Structure formats: C-alpha cells, structure tokens
Amino acid sequence: MPSQSKKQQDDSIPIIGRARSSGRGRGQSTRGRSRGRGGPAPSASATTTEAAVSSPTPSPSVASSLSSVESLALQLEEKTNVSDTPQLVPSVVLTHFPSRPGFGQLGKPVTLYANHFKVKFNLTGDVYHYDVTFAENGRSFGNDGPPKALANKIMKTLMAELERHFPAVKVISDARKNIYAPRKLPFQQEEFKNLQLPDDEGKAKEFSAIVKEADPVAIRMQQLEELFAGRLNYTPYDALQALDVALRHSASKKFTVIGRNLFHGKGATSLGEGAELWFGYFQSLRATQNRLIVNLDLAATVFVEEMAVVDFVCKILSMRQMPTTLAKHQHSAFSKAIRGVKVNITHRPGVKRSYRVNGLSKESADKTFFANDDGQRMSVVQYFQKTYNIRLRYPNLPCVHVGAPQKKNYLPMEVCHIMAGQKCPCKVTDKEVANMIKFTCTPPDKRKRAIEQKFREAGFNTDSTLQAFGLDVDSRMVETTGRQLPPPTIEYSGGARESPRDGAWNMRGKRFNTPAQCKSWAVISMCDPKRCSLGEIQKFFKAVIAQMGQLGMRCPPTLPPILLKSSRDDSVRGMYQAAVKAAHQAFKTPPQIVWMINPMADAQTYGELKLMSDTEAGMGVVSQCMLSKHIPKCNPQYIANILMKVNEHKAGWEERYH
C-alpha cells in the first residue's frame, strides 16, 4: 500500500463558507439561482424569516434602523459566527419563485409512457470527492490533463490499484479526473506511481497519479432531500454528478462509452462504405420536481468495420476486387476515409502493436524510400522482402502513414488490419445517414420495448455499485397524462377551411391564402442529359406552370431557361451564375427563384446552391432542389408539395393557421 504523504484529516473538522467544489462538479452556493433545474418553489415554511432563525438579536437602536431583510442578514451572520456547527447551506431561503398558475385543459387526456425510470435514494451520509492529476515520467499534463482517451486508460489502471489497496471501499470515477467513494479514503493526498500502459507502438509508458481530497471533500447527499422538500432553491449538481457517475460505472466496463452514450457491437448493421451501425443507449440522471429519475433512450452511431485494410479499400472505392494502382481521386478519397483509424499489424506473429493512421504515402510502396539502420537507402518493398521475407502482393499501391505525423513511418496496406470498436473518425456520408434513419426509425410501441431491453442490459437491479451508493432504480417506465390536441384549421383563399386528418390535407381545387408572384425564374440540371433529358424537364415545368395557376400563383406563361450540365467540371457556382444571366435576358429582370435538379441527394451541392442564392445573389432569391427521379413522373401531388414550399418562401405562410 502506498505510504501516506500527509496526516489524515479528522472527519469532524468543518469547512466553513465554501461556495463551490474545486472538482468538475458544481458546488454548493448560498446564492439562489433563478434557473436551477428541478428546483421547485420553496414552501411557505421555508421562506419564513424571523421564525426560522433563533439567534441573538441586535440592539434596539441598531435594529430600528434596519430593514427586515438587513436584520435577517445580520442575524444570519451572527448565527454563523457563534454557532459550533457550521452550515454549508443556509437554513432559510430568501428567493421567492413564482408558482405555476395551473395545468392545460384543452384536448383529450391520454396515458403516456416516458422513457424515465424512478430512482430511490437511500444513502443518508456523505459521498466523498477526490481530484486526480496525471503525469507522464514526472511531467504534468497541465490544467487540461491528458487527452480523453489516454485519461480513460490511465484512470482504469489507477482504479485497479485503488481496488487492490482498499477492497472494502467501492471507488468509482468519471474516467477523466474525478473519483467518488461512499466512505472516506484513509489519506488526504496520495501519489500512485508505476502506472504502466502500452503506447500505440506497443512500448510501455509509465504514468503517475496524485489523488487528493477535493475542496470540500464531503458532498452532502441530504441536499437532494432538501431540494425535493422545497427547502433548497438551487440544484446540487455536485451530488447529482456523483450519483450519475455511480449509475454508469459498472456499465462503462461492459460497453464502449461515447459521451453519455453506451454501445456494444452485438447486432451491428452494415451501412456500406466500410461503416457499420452500432446500437446502444443514452443515460442521464436528472432531478425532477419531486424525485430523481434516469433518462434512458435509444442511441446509434457509426463505427468502422473491422477488416483488412485492402478490403477497406474496395469498400470505400466501391470496387469488387483490389486495384493494382490508385488514381489521383481514388488516392484522395481513401486517404480521407482512413485518416484517424487505428490499425493492427499482421506481419509479426505474436506481436500486438497498433498505430493510428495519418493518411497515405504520396508514392507507391516500391517508390517509397527510406534509410535503414545501416544507412542504406531502400524501398518499403525491399525492406519487407529482406527483413520479413514477405513479397508484397500490391507493390504499386501507396503505403499507410502511421504513428507520429512528423515521422515517416510507412506500412504496406496488406499488413494492416482495422481494429474493432472504433467510432468513425470522419464525417458520415449522405448514404450512411439515409441508412441510419432507415434502421433507427421505429414506431412508439417497438421503441418502448427496445428501451426496456436496454434497461435490462444496463443491469441496474444487480449492480453492487448502486447498492453501495444507496441507489435503487425502478424497472417500470414513468406513466404520465398527456393531452391530444385537436388539429389546427387551415384557411385557403376565399375563406375556405379544412381540418387535417392524420397530419394530411388535400389541396385539390383550392388556392393558397396568400399566393406568391414570380416574374423571372431559371432551372439548373446537374444530371447527365442522357438520364434526365431536356424534353423531360420541359414537360415537368409545363405541369408546374399549370399547377401554379390552379393554386393562385402567378408566373410567366413561358418556360424558364433550362441549363444542362455539359461536362463533369461544371460547378454549381458557374451554372448558377449562368442561370441568373439567362433569366435576366429572358424576362428583363433578375430571377426570383432558381430550381436545381440533382441526380441524388448531395449535401455539398445543396449547400453550394443555398450559399449562392442566400448571399452572393442577394437576398430574396429562392432556390429549390429536386431529385431527377421525380421529373419524368410529373406527379401532381409532388408538384403541389414543392409549390407549397416555394410559396412559403416567396409569400410567407401559404396557409393561415388557427
């Protein structure tokens, strides 16, 4: 057991006048907060002034010149000075909050299930808070501490040491810099040395940790009872944070933790392009008006699929077999996709070594040279043949640049394997987003069952950590009463009205209440003319003109100028500028709307169009995107929906809601 560096502090020594903790959690404050979450208005008994304090009163001459508030403040000050029992929380609450005037009455009452689970809290004593600072080989990481992933690894090693030295105390951590325990540890400050971890190259690194009492070290759990009883006008975030850490402590050992979400790879679904969807749950402890609850919800995020890097190339580039070389655009796309991914090496049996990828080498493996230990210049292909007796199958492919970015460490793709359990480091593509929505969109009844399954996976009912901290989580969702409101009434031109059913209504034979006017317009097609021809576009906009007239909108009777993409190099900016010029020539006025037809959903193209129409073209130019698959169909319902959006942008609300 490590030696104690300071004399143990007596539990009875008070700490007076501390406003907040030095740890990450928010500490106690004697000032009322107007925005305290979950803090109900204090009861009348809690806001009584003179009766709430039994302390010496000032002399009559002094008291007569003081207001009631000043008199109370003086009494509190004297009470603090003479009392043998210091108080961290004032015995009276001076802030009055307006009470809720009542509850809504409209609509039909319905029973709802909320994804909240009641938490019973039975711990009557304090929870003890400790701050942790890490160092590597005696060098401190500074105020910000080590990177999050590294801090998590060091903390796990430290927690194992604490459990070994103090098996009778259930010690937990937030994986960064805070430690909590339901019993006080037998030291004020202690340094734990020789905490060893392997780095990305498999070499052992030595760390140390200093664990010291936070200021204050004791977190009063009684604050929560006072909060729910209405005697506290602020939310004790330090107490909530300690219990929140306790609730997720055991689960964090079984799942992959990302923020407040916990994931596991069971049942992962492939999204294509080397990505897979992992399912898990979001968890957070909250203080409501009169109790603690756990907010539990479904979560999903994108991870990188575990596979050989050569297979990852085929996934990213949508190729059935491994290419012998990479074109310039393929090199750029794959380098971007693999940047930040961690890989294991496979060419050294029995050696577990991992690296983080920085990108790709500019040249292929047979043209990437370096000086070996003897100072001899050789290529990566020659080095692997000579050192490992490995003849590379893909010498014309670039190498993977790994390790420290400033160092030139190159590995052939075929000896690298992507590690499991990695969150996708790059931006999720539009295709992946679409697949995520498809897999995560579930009806309420299935969502309820899935959340209840995640509750069982969390293992709250068998968690010894929760028992040590006096927590018990109810396995039933909270029931509450909601109100189903009647749908709004829609008013059309001429005073016609309609009440939607199931969120839908029919525009047939009706006109917009405030129809827009369009004097000049143009169309851009970013599609291959062979797949979306000029004739199909002209036919579609003839139907648009006819339906605009039926809805009361005014537009030129002639077709707008239609600009087709002539080559792959045609940019949105160039096409847009040409469309503005063509509309001005055709209608003698700048366009009020520019339509763009895309072959598929593309966030980048969409963003470029909005940037041009909202900024560079001047305010007031509406832009509307459409997918080419809708053009040949000329569906009246689709056209009506598009025109509702256009009319809203041009004329404000297309219907008036009541």
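The values are calculated or read from the model by the stated rules, or taken from the named source; none is laboratory data. Since the model is a prediction, treat every value here as computed from it, not as a measurement. Glycine gets a Cβ as well: all are built from the backbone with ideal geometry, and neighbour counts include every protein chain shown.
Overview of values
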read-out	value
Residue list for the stretch 473-492, restricted to those being loosely packed, with under 13 Cβ neighbours inside 10 Å, closer than 30 Å to VAL169 by Cα and of a type in the set (Val, Ile, Thr)	none
Any hit, the stretch 455-472, residues being surrounded by 11 or more Cβ atoms within 10 Å (Cβ to Cβ), out of contact with any Pro (no Cβ under 8 Å at 6 or more places or on another chain), assigned to a strand (DSSP E or B) and of a type in the set (S, T, N, Q)	no
Residue match in the stretch 435-444 (condition: of a type in the set (Val, Ile, Thr) and buried (at least 18 other Cβ atoms within 10 Å of the Cβ))	no
Every pair of residues 6+ apart whose Cβ atoms lie under 8 Å, when the first sits in the stretch 377-406 and is in contact (Cβ under 8 Å) with a residue 60 or more places away in the chain and surrounded by 15 or more Cβ atoms within 10 Å (Cβ to Cβ) while the second is assigned to a strand (DSSP E or B) and of a type in the set (Asp, Glu)	PRO398/GLU363
Where a residue in the stretch 293-320 is within 30 Å of ALA239 (Cβ to Cβ) and its partner, wherever it lies, is polar (S, T, N, Q) and surrounded by 17 or more Cβ atoms within 10 Å (Cβ to Cβ), with Cβ under 6 Å and at least six apart	LEU296/ASN115; LEU296/GLN283; ASP297/ASN115; ALA299/ASN261
Qualifying residues in the stretch 94-113 (those that are part of a loop (DSSP other than H, G, I, E, B) and within 30 Å of ARG447 (Cβ to Cβ)) - the one modelled with the lowest pLDDT	ARG100
From the options PRO443, PRO515, residue that is modelled with pLDDT of 90 or more, touching a helix residue (DSSP H, G or I) at 6+ places or on another chain (Cβ under 8 Å) and not polar (S, T, N, Q)	PRO515
Tally, over the stretch 249-265, of residues that are within 18 Å of the chain's Cα centre (by Cα), surrounded by 17 or more Cβ atoms within 10 Å (Cβ to Cβ) and outside any strand (DSSP E or B)	2
Residue check for ALA209: within 30 Å of VAL351 (Cα to Cα) and without any contact (Cβ under 8 Å) to a residue 12 or more places away in the chain	no
Neighbours by Cβ (under 9 Å, 6+ apart or cross-chain): first from the stretch 551-565, in contact (Cβ under 8 Å) with a residue 60 or more places away in the chain; second among the small types (Gly, Ala, Ser) and part of a loop (DSSP other than H, G, I, E, B)	MET553/ALA516
Among the residues listed as ALA268, ALA246, ALA242, ALA218, the single one being more than 22 Å from the chain's Cα centre (by Cα) and either in contact (Cβ under 8 Å) with a residue 40 or more places away in the chain or more than 16 Å from ASN152 (Cα to Cα) (or both)	ALA218
Among residues of the stretch 247-278, those that are over 30 Å from GLY230 (Cβ atoms) and either touching a helix residue (DSSP H, G or I) at 6+ places or on another chain (Cβ under 8 Å) or hydroxyl-bearing (Ser, Thr, Tyr) (or both), counted	16
Top-ranked residue in the stretch 242-259 [being of a type outside the set (A, V, I, L, M, F, W, C) and touching a strand residue (DSSP E or B) at 6+ places or on another chain (Cβ under 8 Å); ranked as nearest to SER464 (Cα to Cα)]	HIS249
Selection status of LEU195, closer than 30 Å to THR346 by Cβ, in contact (Cβ under 8 Å) with a residue 40 or more places away in the chain and crowded, with 17+ Cβ neighbours inside 10 Å	yes
Members of the stretch 438-454 that are among the hydrophobic types (A, V, I, L, M, F, W, C) and assigned to a helix (DSSP H, G or I)	PHE439, ALA450, ILE451
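Residues are listed down the side, and each one gets a yes or a no for (1) buried (at least 17 other Cβ atoms within 10 Å of the Cβ); (2) not basic (Lys, Arg):
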residue	(1), (2)
ARG286	no, no
ILE293	yes, yes
THR301	yes, yes
PHE312	yes, yes
SER318	no, yes
PRO323	no, yes
GLN330	no, yes
ALA333	no, yes
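For (1) at pLDDT below 90; (2) in contact with a strand residue (DSSP E or B) (Cβ under 7 Å, 6 or more places away or on another chain); (3) closer than 30 Å to ALA496 by Cβ; (4) of a type in the set (S, T, N, Q), each residue gets a yes or a no:
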site	(1), (2), (3), (4)
PRO591	no, yes, no, no
GLN624	no, yes, yes, yes
CYS634	no, no, yes, no
GLN637	no, no, yes, yes
